[in-house]
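Enquirer: Handing you a structure now.
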Amino acid sequence: MDPYCSICSPMDHPVVGAVREFVDSEVRPVAAALEHADAYPHDLVTRMGELGLFGALVPAVYGGLGLDVTTYARVIEELCRGWMSLAGVINSHTMAALIVLTHGTDAQRQRFLPRFARGQARGGLALTEPHAGTDVQAIRTVATRRGDDYLITGTKLFITNAREGNTLALLALTDPKAEPRHRGMSCFIVEKGHPGFRVVKSIAKLGYKGVDTAELVFDECVVPAANLVGGLEGRGFKHVMSGLEAGRINIAARAVGVAQAAYDDTLAHLREIGAEPPPALADMATKLRGARLLTSWAAAMKDRGERCDLEAGMAKLFASESAQEVAVEALRLHGSAGALAALNVERYYRDTPLMIIGEGTNEIQRTIIARSLLERYGERFGALTSREGESADVRQLVLAVRQFVDKQVVPAAQDLDIAHAHPVGLVARLAELGILGSRVDPRYGGLGLDSRTAAMIVEELARGSATLAAIVVAHSAATHAIERAASAEQRERLLPPMTRGESVGAVAFGGGIRATRSGDEWTLEGETPPVDHAAHATVVLVEATSPDGPVWCLVDPKMAGVRVDPPVTMLGLRGLGACRIHFDRCRVSSRNRLGGVVGRDHDVLALVRLGVAATGVGLAQAAFESALRYAQQRTTFGKPIAQHQAIQLALAGMATKVTAARLLAYDAAADDLDDTRVLIAKVYASEVAYEVTLDSMRVHGGYGYTSEFPVERYYRDAAHLASSPTTNAADRAELARRLRSLEGGGQRILER
Ligand SMILES: Cc1cc2nc3c(=O)[nH]c(=O)nc-3n(C[C@H](O)[C@H](O)[C@H](O)COP(=O)(O)OP(=O)(O)OC[C@H]3O[C@@H](n4cnc5c(N)ncnc54)[C@H](O)[C@@H]3O)c2cc1C
């Protein structure tokens, strides 16, 4: 399975397919009425039981479906596409079942799990108290041993499923004097039926209606000692916290489901009123896709048994914030109709804030992410993204490039930038490493890498020098076009020297060059905009227009009729050598015209956009790493600034954005460069690059503004990406148009 894009299509798993059908035919038609009436959906809950969803994560030996977390997340997403409240019925129930499965005694598993799986025992999780939400260790509910029982006394607040459910996993103090406090906490399975257990009040809410959220009072409620989870006191805090990874993934999946519904409704509305697709539609799709990728990526790590607290936290943070933003956009794009109760969009607007608050508020989430980053920094190859799923060859190659970057590029990059110098020595090293032939078929001496591995390499290079990454992107676009559209003779002639670095390439996209044909020759006239790397290229692939359509020619800058201007002075990417090229009756023989179809939209342009996205990821990664290091070294008010909460929030936000951008880029690179996903990745990653480089500057304070640190270079370099090779404004408009015209609003693109 693809380690980054393990999103299964609904039909990949029969349970997901069945839930999708259930949602479309039974949930969506009634959700609005039930929600507005705040009515518990008894019939739908019965149907969810028939679908086996109460035993979704319970192993088959106990009568459950035994789904993996990835599939479970897809189930939750589907339910929330219909109505988020339904996921509430399943989620806290599942959390309670998981506590018994993971920490219960064998007898407890035998006793409770089959009942949980059948939905006979309907679970909930009772942690929060009136004065203790985020600070779970401040709970006051006590459980006192008396013979074979415990007597539980206290109040629990905001407990989902408490009225309709009957079997709660409850956290209480068994030793109120213990220090630290969590050592005195134990988890109990509390079953209804004792007079000491009262549901005192259902709590009215902004959204998430229909599902019950209640206040509970326990007054010497008798619970058999056999219900103490694991049979040992003092382990309860760990028990309830251990479910947090799954809990966060599940909140992220909820957010994806609601965001999908908001996107679908908006697209349908725009079509209905015949409106031009606004660029905001592109942003909605981008957030939705990013949220889905982060969620499935964290879920896949969980299924592989990897530690994923950090990743699950990022998924929860990104998906919940994105869902709320998508819901707001949906509301805006519906105009005044958006706020009408007759439509679902106002419900999405009301439902989404809960994902920001639940399962740990996003503020706390950011703090936890930051701590985890500080703790785990350096532990992992690739810094923030697990590459466990990659083949050993790919991992080795990316590691080799990373070492080259750390040892040779990073020490040289700052001086090269200050001198505006072309990194000629580093380009020669890239040729030795085979990187200049990364996409070239081994027949011509290249490495023949797929788009994703090539993107990983560009990302690694950009960590050291965005200029070097841009050179590789330009060169690789040229080799790729030659490989796709050149004759066998042209490939034999051009590719081996380009792979060895004896000649280097650049691509000049449609910049008003006209081509006219006379016999076997073409004459080029006109002037290009600045072409990346043109000052140092020995082969420039030029796109010209002719009455018969686009013509692609290979031009040697030294040939007659070609004049290359001196490099333009740029804010960043210094040393890249971007130049305008003038053609004055430049005659190109058929030997140097590419006969095949280069396919601007489907090929070279997509490759360059992907390269820009990967460069953005690398730049942002470098800026983030620099901020993380600096935050550990710099001290203010007697402690490292990494311990100040404002810095922690910034670090967590940066890491989450970089990760989303990376996943979007790898996702776009899969399946032979899907144009729509490439556009999504390019726009998002290029903007993340300047946001994160600016955040890094903030973390560095005054030093970040000086040339003593590379952050100001990162910030300057990032400025180029949003307009290369096309502007983000044009890309957004194109993306919105595509999404609108794609069958199902790009469902295939966004979901797969
Ligand atoms: C609809 C709904 C259903 C729920 N279902 C359940 C359930 O089934 N079971 C259950 O146990 N709970 C449930 N909850 C409770 C939920 O988990 C808590 O509301 C949530 O954890 C936040 O706790 P709090 O409301 O006490 O906020 P507080 O902890 O009071 O936080 C208030 C603000 O202070 C910030 N803050 C707090 N401490 C810090 C800190 N150290 N640093 C920085 N900022 C901080 C928070 O981020 C937040 O912004 C539910 C809540 C709702 C609204």
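Readers should treat all values here as calculations from the given coordinates under stated rules, not as data from a laboratory. Just so we're clear, the structure is a prediction, and the values are computed from it rather than from any experiment. Heads up, the Cβs are rebuilt from the backbone with ideal geometry, glycines too, and the neighbour counts pull from every protein chain shown.
Enquirer: What number, in percent, do you get for the relative contact order of region 442-598 if the mean sequence gap of Cα pairs under 8 Å and at least 6 apart is divided by its residue count?
Expert: 25 percent
Enquirer: Sticking with this structure for a sec: Amide H to amide H under 5 Å from residue 149: which residues, 5+ apart in sequence or cross-chain, H placed 1.01 Å off N in plane?
Expert: Amide H neighbours of residue 149: 225.
Enquirer: Using packing as a proxy for protection, rank 549-562, 649-662, 95-108, 273-286 so that the peptide with the highest average count of other Cβ atoms within 10 Å comes first.
Expert: 649-662, 95-108, 273-286, 549-562
Enquirer: Please name which of 571, 581, 621 has its Cα lying farthest along the dipole of region 571-651 towards the positive end, using unit charges on Cβ (Lys, Arg +1; Asp, Glu -1) and the Cα centre as origin.
Expert: Checking the options against the dipole of region 571-651, the answer is 581.
Enquirer: Okay, next question. If you take the square roots of the eigenvalues of the alpha-carbon gyration tensor of region 442-598 and sort them as a ≥ b ≥ c, do you get rounded (a/c under 1.5), prolate (a/b over b/c) or oblate?
Expert: Oblate, since a/c reaches 1.5 and b/c is not below a/b.
Enquirer: Whole-Hz ³J(HN,Hα) for each residue in region 478-484, computed from phi via Karplus 6.51 cos²θ - 1.76 cosθ + 1.60 with θ = phi - 60°, x for glycine and proline: what do you get?
Expert: 5, 5, 5, 5, 4, 4, 7
Enquirer: Continuing with the same structure: What dipole magnitude, in Debye to the nearest 20, does region 10-118 give about its Cα centre under +1 on Lys/Arg Cβ and -1 on Asp/Glu Cβ?
Expert: 360 debye
Enquirer: How large is the dipole of region 602-729 about the Cα centre if only Lys and Arg carry +1 and Asp and Glu carry -1, each at its Cβ, rounded to the nearest 20 debye?
Expert: Magnitude of the dipole: close to 600 debye.
Enquirer: Can you compute the helix-only [θ] at 222 nm over the chain? Use -39500 (n - 2.57) per DSSP H run of at least 4 residues, normalise by all residues, nearest 500 deg cm²/dmol.
Expert: Taken over the chain, the calculation gives -16500 deg cm²/dmol.
Enquirer: Whole angstrom only: what separates the Cα centroid of region 246-292 from the Cα centroid of region 169-230?
Expert: Each part's Cα centre sits 37 Å from the other's.
Enquirer: Whole-Hz ³J(HN,Hα) for each residue in region 168-176, computed from phi via Karplus 6.51 cos²θ - 1.76 cosθ + 1.60 with θ = phi - 60°, x for glycine and proline: what do you get?
Expert: 9, 8, 10, 9, 9, 8, 9, 9, x
Enquirer: May I pose another question? For the residues 183, 254, what sequence is obtained by ranking on other C-beta atoms within 10 Å, fewest first?
Expert: Ascending number of Cβ neighbours within 10 Å: 183, 254.
Enquirer: Let me ask you something else. Where the centroid of each part is defined by its Cα atoms, how far is region 108-146 from region 471-523 in Å?
Expert: That distance is 67 Å.
Enquirer: Mind sorting 222, 472 by how few other Cβ atoms lie within 10 Å of their own Cβ, fewest first?
Expert: Placing the least packed residue first, the sequence is 222, 472.
Enquirer: How many angstrom separate the Cα center of region 9-41 from the Cα center of region 312-372?
Expert: 20 Å
Enquirer: So for 159, 249, 647, 203, fewest C-beta neighbours within 10 Å to most, what's the order?
Expert: Neighbour counts put them in this order, fewest first: 203, 647, 159, 249.
Enquirer: Once you order the gyration tensor axes a ≥ b ≥ c over the Cα atoms, which shape class does region 214-257 get: rounded for a/c under 1.5, otherwise prolate or oblate by comparing a/b with b/c?
Expert: Oblate shape, in that a/c is at least 1.5 and b/c is the bigger or equal ratio.
Enquirer: Let me make sure I get this right: for the chain, a, b and c are the square roots of the gyration tensor eigenvalues over alpha carbons, sorted descending. Under 1.5 in a/c it's rounded, otherwise prolate if a/b > b/c, else oblate. Which is it?
Expert: prolate
Enquirer: When ranked by the protection proxy of mean other Cβ atoms within 10 Å per residue, highest first, what sequence do the peptides 359-370, 685-696 form?
Expert: 685-696, 359-370
Enquirer: Once both axes come from the Cα atoms, what is the angle between helix 488-500 and the longest principal axis of the chain, in degrees from 0 to 90, rounded to 10?
Expert: The two axes meet at around 70 degrees.
Enquirer: Sort 634-642, 33-41 for me by packing, meaning the mean count of neighbouring Cβ atoms within 10 Å per residue, highest on top.
Expert: 33-41, 634-642
Enquirer: Under 8 Å for C-alpha pairs, at least 6 residues apart: give me the relative contact order for the chain, rounded to a whole percent.
Expert: After rounding, I find 11 percent.
Enquirer: Among 73, 170, 40, pick out the residue whose Cα is farthest towards the positive end of the charge dipole of the chain, where Lys and Arg carry +1 and Asp and Glu carry -1 on C-beta, about the Cα centre.
Expert: Of 73, 170, 40, it is 170.
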